[in-house]
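Okay, so here's the structure we're looking at.
The values are calculated or read from the model by the stated rules, or taken from the named source; none is laboratory data. Just so you know, these numbers come straight off a predicted model, no measurement behind them. All Cβ positions, glycine included, derive from the backbone under ideal geometry; neighbour counts span all protein chains shown. Side chains included, ligands, DNA and RNA excluded: accessible areas come from the protein's heavy atoms. Shrake-Rupley method; radii C 1.70, N 1.55, O 1.52, S 1.80 Å.
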Amino acid sequence: MSVARHQSRPTRLVRRSRRSAHGLLWWAAVVALPFAAALSPFTAMVVAVGLAPAMVAWITSAPAQRYGAISVACMSLAGVVPVGWSLLEAGGSAAVASRYLGDPFVWLAMYSPAAVGWLIYLTVPPVHEMLFARRLERRRRMLQRHQKRLLQEWGPHADPAQGSPEAGVPATEAVS
Amino acid sequence: MDGAIGSEAIDGIGSGGWSEAEAEVLLAGRYRLLPGRRIPSLDSPRALAYEAVDVEAPARALFCLISPVEALPRLPLARSLSATPVDGLLNPCAAGYCRWPSLGGAAAAFLFPRPKGSRLRPGAAAGLSTAELSRRVLKPLARVLATLEARGVTHRAIRADNLFWADAAESEIVLGECVSAAAGADQPALYEPLDRMTATQLGRGEGAPADDLYALGVTLIDILYGLRSGQAYPPHLVFRKLEHGTLTSLLPRVSPAPELAGLLRGLLSDEVRWRWTPRHLSRWIAGERVDPPSPSGQATAQRAIFVDKARFRSARSLAHGLSREPELAVKLLRDGTVEQWLRVSLGDARLASLVGREVQEAQKRPGARSSARNILLQRCCRLLDPAGPVRFGGISIMPDGVGTALAALVLQGHETSEFEALLRSLAANDLLGPVPEQDLASTDRFSAAVSFLNAGGPAGGVHRALYELNPDLPCMSPALTEPMSDVRELLEALDRGAFDLPDSGPLADRHVTAFVASRLGLHPLQLAGVAQNGNGQASDAQNELRLLGHAQAYYGPPALRALARAAAVRLSPIIRSIHNRADRKRLAAAIAACVEQGDLSSMIAHVDDVRVWERDRVGLQRARREFAMCSRELERLRDAERSGLSQAQREGQKVATAVSLSLALAIVCSVLAIS
């Protein structure tokens with residue numbers, strides 16, 4: 001019971017890591033994007049458009065279940081960064097930006113990593129859960145096998161639940 | 001209790017239901033005892049006489065006495081007399097135990113040469129002159145008594161009806177047998193000295209040569225003047241003797257011849273230290289002048305004290321009277337009646353003070369009420385009659401008769417609790433305290449017996465005390481066909497009987513275990529072994545086996561297969577109590593091998609192997625710890641299973657995030673690097 005209660009409440013470490021993830025995103029949204037907009041407004045616009053799946057995921061996810069949004073955001077960022085870098089290298093002008101936005105491959109390059117992010121988020125937890133259950137089962141079988149061996153070797157009194165054993169006690173005095 | 005110890009055990013013997021057609025009994029391999037041919041004229045008080053034939057010399061005139069074991073016959077003395085006969089005594093030719101059909105069990109058989117003359121008739125010596133009496137009666141008897149004294153044994157059955165003429169010419173006397181019952185048990189009270197006469201018959205003790213000389217003195221009076229009225233001795237004579245002394249009581253009206261008077265005074269002195277010895281007697285017979293002791297009367301009061309309705313005038317008789325009415329006696333002691341009578345009527349202020357002090361000290365004595373009462377009574381009786389028997393509750397025995405008295409009680413199946421209390425008091429020196437010349441060796445003997453009594457178990461208890469107090473007593477187990485003195489033979493007999501033993505219950509009865517332990521000199525505490533049952537204590541069966549194993553190792557025989565098989569069955573629970581399956585199998589196999597060899601000592605050695613039990617104890621503890629650890633881990637896993645799946649899902653989400661992050665970083669870094 002105590003273990004379950006302990007596990008149902010997030011630990012201090014989890015809470016800290018969760019705060020740091022949120023801070024990163026806020027830093028990205030509030031500081032990085034305006035900075036990027038000041039540096040290259042059209043590049044920032046294309047990046048913002050490319051990050052739309054991450055924003056949607058962030059908005060639609062519950063505050064306690066932001067792992068999906070983070071996964072999508074990370075992958076979405078991975079899709080957007082090469083495009084933005086390429087745009088900056090190309091001068092970051094409005095014409096280049098509009099050409100980029102008109103190219104479906106650019107959209108595919110920006111949005112497909114977000115899809116991969118969703119894919120990762122949807123497939124990894126069940127696999128992890130399955131592996132966890134299998135590990136529990138293996139451990140339980142090992143323990144049960146050991147108990148069975150003890151019972152075979154020492155009889156039912158090896159189990160403390162059976163009460164005190166009828167044990168022989170050390171010699172007091174042997175007949176001389 | 002009186003009746004139990006002193007009862008006439010001859011009741012069980014009789015020829016009823018016995019016919020000549022029945023098989024005869026063979027003694028010592030050469031004497032045929034003929035149960036169908038009684039010789040009533042040669043009976044002893046507790047033994048019946050039968051005809052007997054020596055197979056190797058059929059012409060010898062023999063007879064045998066058959067004595068029930070409850071009479072506590074003196075087998076060792078009989079064997080000694082058989083090996084080294086005493087001239088002038090009816091010596092046994094052979095002695096041993098056998099099964100006697102009319103008794104339905106074991107009996108002691110003594111084979112004697114048939115006396116050529118007849119038994120002395122009452123008043124047979126009335127017409128004899130002093131010289132003739134000396135030559136024909138006293139001389140042979142003095143010879144016998146001197147020889148017995150030199151050997152350190154007593155006859156304790158000298159009485160008028162136990163004398164025979166040595167031949168048809170009645171030239172000389174032969175003293176009758178003294179082995180068919182315990183010492184003094186067959187003697188009428190009149191024949192016993194004052195100190196022993198009030199003890200119960202089987203508790204009179206071995207006594208001393210002085211007691212034989214006293215009996216000789218009474219015998220002389222009996223054959224010279226006659227003491228009987230009809231077939232019995234008058235009961236009032238016993239009380240009279242107690243109150244007024246022997247000579248005054250037995251010769252109230254007769255004045256013996258002057259030359260005999262000195263002899264009788266010497267033999268019948270109530271003071272043991274003044275009584276004649278065989279040497280005095282021999283000198284008197286030789287015609288030398290021997291001064292007889294002065295008449296030793298005892299103080300008697302003018303005014304008698306009443307105990308119930310009986311009147312007593314002397315301290316000794318009062319002691320006897322008080323012991324017969326314990327409840328009333330304690331009342332008289334506590335209310336000062338006895339003290340006042342001693343001081344005023346008897347005029348013995350010192351004795352009165354001693355009794356008064358005993359009564360006061362009794363108030364402070366701890367212990368059970370009945371026990372304190374018995375101790376008070378005995379201590380006061382001891383003051384009144386210092387040489388008298390130990391009087392405790394309903395028991396009245398001499399200190400050297402404790403063994404035979406206990407044997408009588410146990411063999412007759414009577415309750416022994418009061419006797420055990422007596423033994424404990426004797427060991428604690430509560431009873432003999434006031435006597436200055438107390439026998440320290442006896443106290444040690446009683447202490448040893450009590451330590452066995454208190455120990456309990458197969459090697460302890462009242463049976464062990466019985467065999468410790470009677471070192472010559474053979475094993476009297478009713479399960480045996482006859483009492484046995486040899487441990488090896490006893491074990492062989494047990495082995496033969498083990499085929500019929502049930503699968504549970506003791507291997508041997510208390511008589512056997514106590515006898516064997518006594519012969520081995522083992523204290524019950526020495527039987528504590530390693531193998532113990534669930535209560536943490538070795539069972540009686542294990543202790544029995546341990547005892548028998550030691551007996552086999554010491555006395556043999558090498559193989560006791562039936563007994564070993566029965567023992568193995570009884571060891572099954574203890575083998576099962578070994579928890580380790582492999583050790584259990586090993587031990588069972590070792591015990592099976594011991595059964596095969598019939599080796600009890602190896603069997604118990606295997607069971608008592610301390611390494612096996614220690615290994616089992618430590619191993620089981622470790623196994624229990626491991627089992628408990630596994631149980632706790634399993635419980636934890638169950639909890640983890642219940643709450644852990646959602647946790648695993650959350651962890652999976654974290655993993656997914658980490659994977660995404662890592663992948664994203666790898667992509668970004670790669671792109672930047674390419675660029």
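A few notes on this one:
- Residues of segment B:306-347 classified as of a type in the set (Gly, Ala, Ser) and open to solvent by 10 Å² or more (accessible area, probe 1.4 Å), total: 6
Quick grid of which residues meet (1) under 13 Å from B:Leu376 (Cα atoms); (2) at pLDDT 90 or above; (3) not acidic (Asp, Glu):
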position: B:Ser294; (1), (2), (3): no, no, yes
position: B:Phe306; (1), (2), (3): no, no, yes
position: B:Arg311; (1), (2), (3): no, no, yes
position: B:Arg316; (1), (2), (3): no, no, yes
position: B:Ser323; (1), (2), (3): yes, no, yes
position: B:Val330; (1), (2), (3): yes, no, yes
position: B:Asp348; (1), (2), (3): no, no, no
position: B:Ser353; (1), (2), (3): no, yes, yes
position: B:Val359; (1), (2), (3): yes, no, yes
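- Only one of the listed residues (B:Ser451, B:Ser477) is of a type in the set (Ser, Thr, Tyr) and open to solvent by 40 Å² or more (accessible area, probe 1.4 Å). That residue is B:Ser451.
- The requirement of being open to solvent by 40 Å² or more (accessible area, probe 1.4 Å) and over 18 Å from B:Leu175 (Cα atoms) is fulfilled nowhere in segment B:110-118; no residue meets it.
- Checklist (1) of a type in the set (A, V, I, L, M); (2) modelled with pLDDT under 90; (3) over 30 Å from B:Leu491 (Cβ atoms) applied to B:Leu571, failing item: (3)
- Segment B:45-77, residues that are in contact (Cβ under 8 Å) with a residue 24 or more places away in the chain and more than 23 Å from B:Val410 (Cβ to Cβ): B:Leu48, B:Ala52, B:Asp54, B:Val55, B:Glu56, B:Arg60, B:Ala61, B:Leu62, B:Phe63, B:Cys64, B:Leu65
- A search for C-beta distances below 8 Å between a residue of segment A:136-163 that is over 23 Å from B:Asp616 (Cβ atoms) and any residue that is open to solvent by 70 Å² or more (accessible area, probe 1.4 Å), counting only pairs 6+ apart in sequence or on different chains, returns A:Leu136/B:Glu641.
- Flag for B:Pro140 being in the same structural domain as B:Trp274 (by TED's automatic domain parsing), within 21 Å of B:Tyr233 (Cα to Cα), within 36 Å of the chain's Cα centre (by Cα) and open to solvent by less than 10 Å² (accessible area, probe 1.4 Å): no
- In segment B:567-675, counting only helices (runs of 4 or more DSSP H) that sit wholly within it, the ones holding 2 or more residues that are facing another protein chain (nearest Cβ under 7 Å), open to solvent by 70 Å² or more (accessible area, probe 1.4 Å) and closer than 30 Å to A:Gln162 by Cβ span B:610-674.
- Residue within segment B:224-233 that is assigned by TED's automatic domain parsing to the domain that holds B:Leu163, farther than 25 Å from B:Leu128 by Cβ, out of contact with any strand residue (DSSP E or B) (no Cβ under 6 Å at 6 or more places or on another chain) and part of a loop (DSSP other than H, G, I, E, B) present: no
- Within segment B:86-125, tally of residues that are in contact with a strand residue (DSSP E or B) (Cβ under 7 Å, 6 or more places away or on another chain) and of a type in the set (Asp, Glu): 0
- Complete set of residues in segment A:153-164 that are in a helix (DSSP H, G or I) and more than 7 Å from chain B (Cβ to nearest Cβ): A:Pro156, A:Ala161, A:Gln162
- Some residue of segment B:174-190 being touching a Gly at 6+ places or on another chain (Cβ under 9 Å), assigned to a helix (DSSP H, G or I), open to solvent by less than 10 Å² (accessible area, probe 1.4 Å) and within 30 Å of B:Asp385 (Cα to Cα): no
- Taking segment B:572-601 as the range and being over 24 Å from B:Ala623 (Cβ atoms) and in contact (Cβ under 8 Å) with a residue 40 or more places away in the chain as the test, the residues that pass are B:Gly598, B:Asp599, B:Leu600, B:Ser601.
- Selection count where residues are within 11 Å of chain B (Cβ to nearest Cβ), under 23 Å from B:Gln647 (Cβ atoms) and open to solvent by 50 Å² or more (accessible area, probe 1.4 Å), scope segment A:50-94: 2
- Applying the condition of being over 19 Å from B:Leu141 (Cβ atoms) and among the aromatic types (Phe, Trp, Tyr) to segment B:214-253 and asking which residue is modelled with the lowest pLDDT yields B:Tyr233.
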